[in-house]
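Each remark here refers to the structure printed beneath this line.
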Amino acid sequence: MSNNYVFIMAGGVGSRFWPKSRNNFPKQFIDILGVGKSLLQLTYERFLKLCPAENIYIVTNGQYESIIMDQLNGIKSRQIICEPSRNNTAPCIAYASFKISAINPEANIVVAPSDHFILYEDIFIQKIRQALAFTEANEALVTLGITPTRPDTGYGYINYSTDNLAGVHKVLQFREKPSLEKAKEYLAEGNYLWNAGIFIWKVESILKALKEHSSEIHTLFEKGNPVYNTTEEQTFINRHYPTSPNISIDYAIMEQADNVYTIPAEFGWSDLGTWASLYEAAPKDENNNVISAKQIDVRDTSNSIIHINSDKLAIIRGLDNFIVVDEGNSLLIYPKSSEQQVKAIVSQIGKQFGYRFI
């Protein structure tokens with residue numbers, strides 16, 4: 001038990017959830033499901049079933065440290081790993097791995113996003129334990145793959161070998177987000193999974209993979225070995241971290257290494273990356289609407305998601321398949337079928353109207 005560690009990735013800005021998710025308070029810190037807890041709090045509590053609180057580390061941007069301290073009981077400041085710049089997932093995982101290696105070189109690590117929805121948590125923990133047992137016994141990099149339920153074009157896919165060792169399969173290839181026709185082909189072939197971005201490995205295995213496949217990142221963070229877990233650590237990181245390559249762990253390691261495995265899993269998963277994914281996960285009324293509002297009159301409206309987080313009275317009529325979100329100084333009314341455009345639009349808003357709106 002003491003060798004199990006968790007890195008919860010909580011540094012994103014969640015721009016696809018604008019205007020509810022903002023740069024200064026992004027979606028992982030919001031009670032987006034309406035259950036009285038933020039996505040980060042739900043994720044943290046889920047992993048308390050796997051290891052003690054002191055073995056859970058939050059990897060985030062420095063601006064969110066105080067929010068995390070406020071939201072998570074049992075987390076100490078030493079467990080918040082603060083990146084001074086957003087350089088994607090490979091550098092922050094490398095930094096966290098060197099830090100943990102200095103504490104426990106036998107660490108067996110789970111890397112997971114902070115903002116995923118998991119309906120069947122016991123099955124999830126069971127799959128994580130299966131992966132940890134495999135990485136404990138093998139020099140392997142394991143990712144949980146989600147058994148696809150539809151030909152979704154919004155996820156990357158994992159092509160895996162049907163041969164397996166106790167339910168663990170060799171990864172043949174990672175595939176980028178496909179066209180609808182290609183996604184249908186993947187489902188028909190039967191040996192493709194959605195890439196959920198949940199990784200399991202021994203710390204020595206990931207450090208070896210970094211050295212072999214991403215030597216620039218390995219060399220940069222290896223220089224910090226004398227200062228990790230000391231008062232000089234953050235000074236070193238603030239100086240050197242921004243110079244690291246901006247690259248995801250998928251590109252830096254997973255798509256290059258030859259010891260990558262996957263475990264197919266079904267535990268009621270959604271990445272909650274967009275308003276439409278929240279719509280799919282949330283309970284719906286008789287008109288297939290997902291509504292979160294205090295005072296509202298909705299007529300002739302269906303298949304829509306409506307969030308109004310104020311005492312404002314809303315009268316809505318004649319919408320089908322729309323997103324309506326009223327939050328703070330911004331209002332979004334947008335076709336749900338075109339929601340992939342929201343991220344780009346948010347970027348334009350900042351330049352056109354000012355960053356106070358994002």
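The values are calculated or read from the model by the stated rules, or taken from the named source; none is laboratory data. Fair warning: this is a prediction, and the values are worked out from it, not measured in the lab. Glycine also receives a Cβ, built like all others from the backbone with ideal geometry; neighbour counts cover every protein chain displayed.
Hey, does segment 105-117 have a residue that's in the same structural domain as ILE68 (by TED's automatic domain parsing) and farther than 21 Å from ILE263 by Cα? Yes; the residues of segment 105-117 include at least one that is in the same structural domain as ILE68 (by TED's automatic domain parsing) and farther than 21 Å from ILE263 by Cα.
Consider segment 235-256. How many of its residues are crowded, with 18+ Cβ neighbours inside 10 Å and in a loop (DSSP other than H, G, I, E, B)? Adding up the residues that qualify gives 1. Take ILE93 and tell me if it is without any contact (Cβ under 8 Å) to a residue 40 or more places away in the chain and β-branched (Val, Ile, Thr). In short, no. Six or more apart or on different chains, Cβ under 7 Å: which pairs go from a residue in segment 216-234 that's assigned by TED's automatic domain parsing to the domain that holds CYS92 and part of a helix (DSSP H, G or I) to one that's of a type in the set (A, V, I, L, M, F, W, C) and surrounded by fewer than 18 Cβ atoms within 10 Å (Cβ to Cβ)? Could you list them? Filtered contacts from segment 216-234: GLU233/VAL227. In segment 14-66, the qualifying residues are those that are charged (D, E, K, R) and in contact with a helix residue (DSSP H, G or I) (Cβ under 6 Å, 6 or more places away or on another chain), and the one that is farthest from ARG239 (Cα to Cα) is LYS49.
Answer yes or no: is there a residue in segment 316-325 that is surrounded by fewer than 20 Cβ atoms within 10 Å (Cβ to Cβ) and in contact with a strand residue (DSSP E or B) (Cβ under 6 Å, 6 or more places away or on another chain). Yes, segment 316-325 contains a residue that is surrounded by fewer than 20 Cβ atoms within 10 Å (Cβ to Cβ) and in contact with a strand residue (DSSP E or B) (Cβ under 6 Å, 6 or more places away or on another chain). Condition first: closer than 18 Å to LYS336 by Cα and over 31 Å from the mean Cα position of the chain (by Cα). Now tell me which residues in segment 273-298 satisfy that. VAL298 - this is the single residue of segment 273-298 that is closer than 18 Å to LYS336 by Cα and over 31 Å from the mean Cα position of the chain (by Cα). Restricting the first member to segment 62-83 and to residues that are modelled with pLDDT of 95 or more and in a strand (DSSP E or B), and the second to residues that are crowded, with 16+ Cβ neighbours inside 10 Å and among the β-branched types (Val, Ile, Thr), the beta-carbon pairs closer than 6 Å and six or more apart or on different chains are ILE80/ILE58; ILE80/ILE68; ILE81/VAL59. On the stretch given as segment 217-234, residues that are surrounded by 14 or more Cβ atoms within 10 Å (Cβ to Cβ) and either farther than 30 Å from ARG46 by Cβ or not polar (S, T, N, Q) (or both) total 9.
All conditions but one from (1) charged (D, E, K, R); (2) over 30 Å from PRO151 (Cα atoms); (3) in contact (Cβ under 8 Å) with a residue 12 or more places away in the chain apply to LYS184; the one that does not is (2).
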